[in-house]
Amino acid sequence: MKKIITLCSFVVCLAVLVTVLTSCGDKTENSTTAPESYVASIENEGFSFTAEVGEEETIIKNKGEAYQTLKYPVNAGYPFDYNYAKERSQFIDMNFDGQPDFYIAVSAEAETIYYYCWLFNATTKKFEFSVSLSGLTNISVDANTHTIYSTFNYRDTTKVVSYKWVNGALVNADEYDNTSDTIPPQVTEAVSNNVIGNVPRPQQTTKPQQ
């Protein structure tokens, strides 16, 4: 009888031990966090901006403190894909005024990239949504010639449209298509090399010093 009781006690203790070890293993596994998504950042004239892209808005921070909330447009006419967008944002001067503008490449369909773009207003010190830029697809920024290029497909033809900033407005400058032999080499090069948001950003980056 004593042997049976001793054997039962041993079995119970063994079961408890296995349960404890299993529970510890579960906690260790659950504590593993996913890699941090890319956080766009830039330092410019006293600002240290970072942008954290969310599903409904982007939070801009300056030196780690909340600076501005960028709301996404309603009924933009193209989809917002968070998994695509969260790694495809960047501060870049898009109107060539020396200020850090901001874009998010929000989705891509059939090799066509769509964007939300904001221009930094040097007077108000705020980012303002740009309807004209956000309406373009496959945007290339040529800082050397101060030109914006946009490509899109139209009736089986790939068109390239160039734009210039005139008194703060984005104005159509020239238009080309892939059936023409007269596309200037610098246009082909700019469009080939400078399309923004066409690749995901690195998973992590060094944030500006606080």
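The values are calculated or read from the model by the stated rules, or taken from the named source; none is laboratory data. Note that the coordinates shown come from a computational prediction; the quantities given were computed from them, not determined experimentally. Don't worry about glycine lacking a Cβ; one is built from the backbone with ideal geometry, like all the others, and counts go over all protein chains shown. Protein only, heavy atoms only, side chains kept; ligands, DNA and RNA dropped before computing areas. Shrake-Rupley method; radii C 1.70, N 1.55, O 1.52, S 1.80 Å.
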| query | So which of Thr112, Thr151 ends up being crowded, with 17+ Cβ neighbours inside 10 Å, over 27 Å from Asn62 (Cβ atoms) and not small (Gly, Ala, Ser)? | reply | Thr151
| note | Only unsatisfied item for Arg201, checking (1) basic (Lys, Arg); (2) free of Cβ contacts under 8 Å to residues at least 24 places away in the same chain; (3) closer than 29 Å to Val53 by Cβ, is (2)
| said: Take the residues in region 73-91 that are surrounded by fewer than 17 Cβ atoms within 10 Å (Cβ to Cβ) and in contact (Cβ under 8 Å) with a residue 40 or more places away in the chain; name whichever of them is nearest to Ser130 (Cα to Cα). | reply: Pro73
| task | Kindly indicate which of Tyr115, Tyr103 is more than 17 Å from Glu52 (Cβ to Cβ) and touching a residue at least 60 places away in the same chain (Cβ under 8 Å). | result | Tyr115
| task | Return the total of residues in region 54-72 being acidic (Asp, Glu), open to solvent by less than 60 Å² (accessible area, probe 1.4 Å) and over 15 Å from the mean Cα position of the chain (by Cα). | result | 0
| Out of (1) over 30 Å from Asn121 (Cα atoms); (2) at pLDDT 95 or above, what's the single condition that is false for Lys27? | (2)
